[in-house]
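> First the structure, then my questions, so here it is.
Throughout, read-outs are computed from the coordinates displayed, never taken from laboratory work. Just so we're clear, the structure is a prediction, and the values are computed from it rather than from any experiment.
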Amino acid sequence: MPTSPATIATEKAALNLRETALLGTLTGANDRKALIRHPGGRIDKVSLGDRVAGATVTAIGDGELHLTRNGQTKTLTLPKG
């Protein structure tokens with residue numbers, strides 16, 4: 001069972017605070033969203049097509065977020081908790 005965002009957020013050293021991190025995903029039949037933490041500490045809910053750190057959200061799956069910039073894709077996954 002996936003670890004909850006609250007557990008990950010309070011676990012010591014679970015996140016690299018200098019990078020954008022995935023905290024959770026919400027995947028429904030017609031709507032997919034992800035909860036991310038920016039390096040400055042701000043937390044946002046993002047959807048497909050949103051811009052994050054200069055990249056575009058191109059896919060959201062169970063426990064992962066795909067960001068594409070200049071044709072290259074980076075995958076953020078939930079921290080192991």
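> Could you go through region 44-49 in sequence order and give the Karplus-derived ³J(HN,Hα) for each residue, using 6.51 cos²θ - 1.76 cosθ + 1.60 with θ = phi - 60°, rounded to whole Hz, and x for Gly and Pro?
Karplus values, whole Hz, x for Gly and Pro: 10, 9, 10, 10, 4, x.
> Between Arg51 and Thr73, what length comes free when the chain is fully extended (0.36 nm per residue of separation minus the Cα-Cα distance, one decimal in nm)?
6.6 nm
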